[in-house]
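Notes follow the structure.
The values are calculated or read from the model by the stated rules, or taken from the named source; none is laboratory data. Computed from a predicted model, the values in this text were never measured in an experiment. As a convention, Cβ positions derive from the backbone with ideal geometry for all residues, glycine included, and neighbour counts pool all protein chains shown. These area figures cover heavy atoms from the full protein model, side chains too; ligands, DNA and RNA do not enter into them. Shrake-Rupley method; radii C 1.70, N 1.55, O 1.52, S 1.80 Å.
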Amino acid sequence: MIRDFGRTEAGDMVEAVTLRAGGLSATVLTLGAILQDVRLNGVGYGLTLGSDNVADYQGPMRHHGSLVGPVANRIGGARAQVGGKECRFPANQVDRHTLHSGGAGTQFKLWKIGSASETRLVLTLDLPDGEGGFPGNRHVTAEWQIETPATLRLTVTTTTDAETIVNFTNHPYWNLDG
């Protein structure tokens, strides 16, 4: 099921896609490929911390449930050797390191729905060469699948036309005890 979720500060529409199989459901947003909600039959609360408000994901919850990349975690000194060349990235952590790809992170972008069904969602995103200091034109695909009885699977694939660095992670905050 695809529904409108709300608008970003820039006025762009964010969609929510809910997948279901067996006793499990998961809702993924097109903003940041965010895993916004996970529900399991018989459990009276969501299994991941999320919000029903787009503004929260552009503020204090900007990493909650998102697909962080092209590089998750920190790049020390905000630079790295890629293909024999030194690449520099914006330093957004203590003015020395790059955290979660800085402002160029995929968690801040609107992804496109490539396909959607009751049990499978494919989101795509194109990242241009040089954005955030990262080399290569990159095409990213995030495939979410739910399988019975209660399995949620995420597969992230990136293709590029140049040597680059890629290290994606999904960044949920799990709520296992309510």
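Couple of notes before you dig in:
- Qualifying residue in segment 5-14 (condition: part of a helix (DSSP H, G or I), among the aromatic types (Phe, Trp, Tyr), touching a Leu at 6+ places or on another chain (Cβ under 7 Å) and open to solvent by less than 60 Å² (accessible area, probe 1.4 Å)): no
- GLY133 fulfils the conditions (1) within 17 Å of the chain's Cα centre (by Cα); (2) open to solvent by less than 60 Å² (accessible area, probe 1.4 Å) except for a single criterion, (1).
For (1) open to solvent by 30 Å² or more (accessible area, probe 1.4 Å); (2) under 14 Å from the mean Cα position of the chain (by Cα); (3) free of Cβ contacts under 8 Å to residues at least 60 places away in the same chain, each residue gets a yes or a no:
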| residue | (1), (2), (3) |
| --- | --- |
| LEU121 | no, yes, no |
| ASN137 | yes, no, yes |
| GLN145 | yes, no, no |
| THR158 | yes, yes, no |
| ASP161 | yes, no, yes |
| THR169 | yes, yes, no |
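- Of all residue pairs spaced 6 or more apart or on separate chains, those with beta-carbon atoms under 7 Å, a first member in segment 93-108 that is farther than 22 Å from ILE34 by Cα and a second member that is open to solvent by 40 Å² or more (accessible area, probe 1.4 Å) and assigned to a loop (DSSP other than H, G, I, E, B) are HIS97/ALA91.
- Test: residue in segment 103-122 that is part of a loop (DSSP other than H, G, I, E, B) and under 12 Å from PRO70 (Cβ atoms): yes
- Here ALA78 passes the criteria (1) of a type outside the set (S, T, N, Q); (2) on the phi < 0 side of the Ramachandran plot; (3) open to solvent by less than 30 Å² (accessible area, probe 1.4 Å) except the one numbered (2).
- Test: residue in segment 29-50 that is under 18 Å from the mean Cα position of the chain (by Cα), without any contact (Cβ under 8 Å) to a residue 24 or more places away in the chain and open to solvent by less than 20 Å² (accessible area, probe 1.4 Å): no
- ASP126 of a type in the set (Asp, Glu), open to solvent by 50 Å² or more (accessible area, probe 1.4 Å) and under 21 Å from GLU86 (Cα atoms): no
- Looking only at segment 51-63, and only at residues there that are in contact (Cβ under 8 Å) with a residue 24 or more places away in the chain, assigned to a loop (DSSP other than H, G, I, E, B) and closer than 24 Å to ASP126 by Cα, the one that is most open to solvent (accessible area, probe 1.4 Å): ARG62
- Only one of the numbered conditions (1) open to solvent by 60 Å² or more (accessible area, probe 1.4 Å); (2) free of Cβ contacts under 8 Å to residues at least 60 places away in the same chain; (3) among the hydrophobic types (A, V, I, L, M, F, W, C) is violated by TRP174, and that is (2).
- Residues (under 11 Å from the mean Cα position of the chain (by Cα) and open to solvent by 60 Å² or more (accessible area, probe 1.4 Å)) located in segment 94-109: PHE108
- Subset of segment 147-156 that is touching a residue at least 24 places away in the same chain (Cβ under 8 Å) and exposed (fewer than 15 other Cβ atoms within 10 Å of the Cβ) - its residue that is nearest to ILE75 (Cα to Cα): THR151
- Residue satisfying condition, being open to solvent by 30 Å² or more (accessible area, probe 1.4 Å) and hydroxyl-bearing (Ser, Thr, Tyr), within set SER66, SER115, SER25: SER115
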